[in-house]
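Undergrad: First the structure, which I've put down as structure tokens, then a few questions once you've had a look.
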Amino acid sequence: MRIWIAAGGTGGHIYPALAVAEALRAVDPNLELIWVGTREGMEARLIPPRGYPFLPVEAGGVYGMGWRRGWKGLWRVVRGTLQAWREMGRRRPQVVFTTGGFVSIPAALAAAGSGVPILVYLPDIEPGLAVRILSRLAAWVAVTAPEAGEALRRPAVVTGYPVRRALVEAARSQEETRQRGLARWRFHPEVPVVLVFGGSRGARRLNQAVARHLETLTAEAQVLHLTGPADLEAMQRRRMELPPEGRVRYQPVAYLDEEMGEALAMADLAVCRAGASTLGELPLFGLPAVLVPYPYVRRHQERNAAYLVRHGGAVMIPDEEIEERLGEVVRDLLRNPGRLSEMRRRMAALARPEAADRLAALVMEQMKGLGSVQAVRVGRGQ
């Protein structure tokens, strides 16, 4: 039995697909899971070491790219679809599962032309162009929360956001995981920890805000800062400008993978972008957050942040204000433990640790032709 998983470009598409792939392997270790992506995306680096056969196809962005780059992206999608179509003849899957993004288009179009069912999962609250297109071809669509289905205008299955098994296990033994994290970064257990991260590639604006307010932040808390590779050296130099007691409280690192569970478990507050992963990972650990939506991805991150704010687990600061307000907002939250505790409770109430298993079960049902997926219509007022 063979399944194609089409996901790539950024961690927001790759990691939920990885969580579902892990759950599928747990259901049936003999499944052949083939990952479809581009040679240029993060997936080419992250997926092969995890033991998944990798099928590279061409793909490119079309929307919002300008006419020249848009036509180039469209041509790459056409070429990638032909590549995927040819591969269908050799390694035809029973199902294609995708988390959206432009990299999913070639595999999904080839599947639609070959009569292979497509299963789409929307990680964000706001659907992107790829998901809007693929939802019309899909056997079913799954979403993170009921609000996410409003724009799709078709029945959808609400599953929650699928989180990698390692993070689920870390959250189940959160205090033990927290102690490992404190030991790893040599943090004091009685001083609050602020976790700053900007997604899989870092965030320049967040890094600049931390650099500006570093003395204020380290006076209130210990800070673990995921800078991204480009800014690590600059933040290491900024660390050396702190007095000795401040240096102990600030740890910049480029990126975390397997250690991310420890970072989330030991943090008392997160400062981060509002990519799709925040909808699953922050609730899983009951981690309150200051969310700074990235403003150049249509409304995706703004809608994700608004969802968590509306449910009481986060506060939101516009990107253009974070450099001015970061220190003040973090200080005020850390000095109000009652508010922080209530935010933690409300964030934890959104957790759906079973989401990956639910999605894997739906994939298996479709693959076996059971046709028993019970979709619910989600929309305004429902």
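The values are calculated or read from the model by the stated rules, or taken from the named source; none is laboratory data. Being a predicted model, the structure only gives us computed values, none of them experimental. Note: ideal-geometry Cβ built from the backbone for every residue, glycine included; neighbour counts use all protein chains shown. When the accessible area is computed, the model is the full protein with side chains, heavy atoms only, and any ligands, DNA or RNA have been set aside. Shrake-Rupley method; radii C 1.70, N 1.55, O 1.52, S 1.80 Å.
Undergrad: Scanning for something part of a loop (DSSP other than H, G, I, E, B), more than 24 Å from residue 361 (Cα to Cα) and under 24 Å from the mean Cα position of the chain (by Cα), does region 95-102 turn up at least one residue?
TA: Yes.
Undergrad: Something else about it: Specify which of the listed residues (26, 44, 17) is assigned to a helix (DSSP H, G or I), closer than 22 Å to residue 279 by Cβ and either touching a residue at least 12 places away in the same chain (Cβ under 8 Å) or not aromatic (Phe, Trp, Tyr) (or both).
TA: One residue alone meets the criteria, 17.
Undergrad: Would you check which residues across region 289-331 are among the β-branched types (Val, Ile, Thr) and within 16 Å of residue 348 (Cα to Cα) and list them?
TA: 290, 309, 315
Undergrad: Oh, and also: Consider residue 149 against the criteria (1) touching an Asp or Glu at 6+ places or on another chain (Cβ under 7 Å); (2) open to solvent by less than 10 Å² (accessible area, probe 1.4 Å): it satisfies all of them except one. Which criterion is unmet?
TA: (1)
Undergrad: Okay, next question. If you go through region 1-57, how many residues are open to solvent by less than 30 Å² (accessible area, probe 1.4 Å), closer than 18 Å to residue 258 by Cα, modelled with pLDDT of 90 or more and of a type in the set (Gly, Ala, Ser)?
TA: Within region 1-57, residues that are open to solvent by less than 30 Å² (accessible area, probe 1.4 Å), closer than 18 Å to residue 258 by Cα, modelled with pLDDT of 90 or more and of a type in the set (Gly, Ala, Ser) number 4.
Undergrad: Do you know which residues across region 10-49 are hydroxyl-bearing (Ser, Thr, Tyr) and within 20 Å of residue 88 (Cα to Cα)?
TA: 38
Undergrad: Continuing with the same structure: If you take the residues of region 334-373 that are closer than 26 Å to residue 214 by Cα and more than 25 Å from the chain's Cα centre (by Cα), which of them is surrounded by the fewest Cβ atoms within 10 Å (Cβ to Cβ)?
TA: Here the answer is 338.
Undergrad: If you don't mind, there's one more thing I want to ask. Starting from region 167-186, keep only residues that are at negative phi and of a type in the set (Lys, Arg), then list their pairs with residues that are assigned to a helix (DSSP H, G or I) and open to solvent by less than 10 Å² (accessible area, probe 1.4 Å) whose Cβ atoms are within a distance under 6 Å, requiring at least 6 positions of separation or different chains.
TA: Pairs found: 178/265; 178/266.
Undergrad: What are the residues in region 203-227 that are out of contact with any strand residue (DSSP E or B) (no Cβ under 9 Å at 6 or more places or on another chain) and not hydrophobic (A, V, I, L, M, F, W, C), if any?
TA: Of everything in region 203-227, those that are out of contact with any strand residue (DSSP E or B) (no Cβ under 9 Å at 6 or more places or on another chain) and not hydrophobic (A, V, I, L, M, F, W, C) turn out to be 204, 205, 208, 212, 213, 215, 216.
Undergrad: Is one or more of the residues making up region 304-319 of a type outside the set (Asp, Glu), on the phi > 0 side of the Ramachandran plot and at pLDDT below 95?
TA: Within region 304-319 (the criterion being of a type outside the set (Asp, Glu), on the phi > 0 side of the Ramachandran plot and at pLDDT below 95), the answer is no, since none of the residues qualifies.
Undergrad: So which residues in region 102-114 are touching a helix residue (DSSP H, G or I) at 6+ places or on another chain (Cβ under 8 Å) and either surrounded by fewer than 18 Cβ atoms within 10 Å (Cβ to Cβ) or modelled with pLDDT under 80 (or both)?
TA: Listed by number, the residues that qualify are 113, 114.
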